[in-house]
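Since the structure comes first, as structure tokens, the remarks are kept for the end.
Every number in this text was worked out from the coordinates using simple rules, so none of it is lab data. Since the structure is predicted, the reported quantities are computational estimates derived from the model, not experimental observations. In this analysis, Cβ positions are derived from the backbone assuming ideal geometry, glycine residues included, and neighbour counts consider all displayed protein chains.
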Amino acid sequence: NAGVTQTPKFQVLKTGQSMTLQCAQDMNHNSMYWYRQDPGMGLRLIYYSASEGTTDKGEVPNGYNVSRLNKREFSLRLESAAPSQTSVYFCASSEDETSGNTIYFGEGSWLTVV
Amino acid sequence: GQQVMQIPQYQHVQEGEDFTTYCNSSTTLSNIQWYKQRPGGHPVFLIQLVKSGEVKKQKRLTFQFGEAKKNSSLHITATQTTDVGTYFCAGPIKGNTPLVFGKGTRLSVIA
């Protein structure tokens, strides 16, 4: 049982380049999330998808777009990468978006923008 | 900005000493969750507290939810090197919306 799988694990981008982080979950969860983690800043929500067909902004959405491709997959796109987007990105999922549900995280994607 | 505050940001302890991290919210929380992230790893769910004044234990870990449901704590008795990592609390700031995570407390244990 893989849980939440995200790719790539590591990526180096040049400023202005674009890329998409892919995420898939096999737990039949309705809700999926993208977080970024920076030193001393904890986990900040970028975007989430409460259910298939819906997406909503989180705390730090600027510079990102998302697509809920189907129930399993939720991708995060950086259209024009900036050094400020250097971070560790975590995809996550839960049964639904209500707060009582456990959030399951992927292993993370380390992104460096130079 | 984040509305779940966690202190301290860092804690260094000798192996065998106790450790406590505190989580505070400006609003009443319907529940609070705790997660642990090992160095280089991803956050993993530890526990959820729902009731006012609730206390739960997991071996050497004791979790408390305040009477007003605005604060919580995690206490580790007799720390071990396996306890190293960052501990996050998370709560719903606005009703049933996605959890907001605190900035975490990074625990280092010196053998």
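Here are a few things to note about the model shown:
- Put the Cα centre of the range B:1-66 next to the Cα centre of the range B:80-106 and the gap is 6 Å.
- Using the Cβ of B:Ile110 as centre and a radius below 13 Å, the other residues enclosed give a net charge of -3, where K and R count +1 and D and E count -1.
- Check: chain A dipole with +1 on Lys, Arg Cβ and -1 on Asp, Glu Cβ, in debye: 360 debye
- Extension gain, A:Thr5 to A:Met41, is 10.6 nm, computed as 0.36 nm per intervening residue step minus the present C-alpha separation.
- When DSSP beta bridges are restricted to pairs lying wholly in chain A, around 90% turn out antiparallel.
- Our Cα-only numbers for the protein assembly as shown put the radius of gyration and Dmax at 17.4, 51 Å.
- Electrostatic bookkeeping for A:Gly53 treats Lys and Arg as +1 and Asp and Glu as -1; over the other residues with beta carbon under 10 Å from its beta carbon, the sum is +1.
- Applied to the range A:11-24, the Karplus parametrisation 6.51 cos²θ - 1.76 cosθ + 1.60 on θ = phi - 60° returns per-residue 3J(HN,Hα) values of 7, 10, 10, 8, 3, x, 6, 10, 6, 10, 8, 9, 8, 9 Hz, with x for Gly and Pro.
- Beta bridges per DSSP with both ends in chain B, % antiparallel, nearest 5: 85 percent
- Using the Cβ-Cβ distance between B:Gln3 and A:Asn30 with R0 set to 22 Å, the FRET efficiency works out to roughly 0.30.
- With K and R counted +1 and D and E -1, the other residues having a Cβ less than 15 Å from that of A:Gln85 yield a net charge of +1.
- Check: chain B dipole with +1 on Lys, Arg Cβ and -1 on Asp, Glu Cβ, in debye: 320 debye
- For the range A:1-53, chymotrypsin sites (Phe, Trp or Tyr not before Pro) are listed when DSSP marks them as loop and at most 16 other Cβ atoms sit within 10 Å of their Cβ; the list is empty.
- Potential lengthening between B:Thr97 and B:Gln14 on full extension [0.36 nm per residue; Cα-Cα distance subtracted]: 26.0 nm
- Within 10 Å of the Cβ of each residue in A:41-47, the mean number of Cβ atoms contributed by other protein chains is 6.
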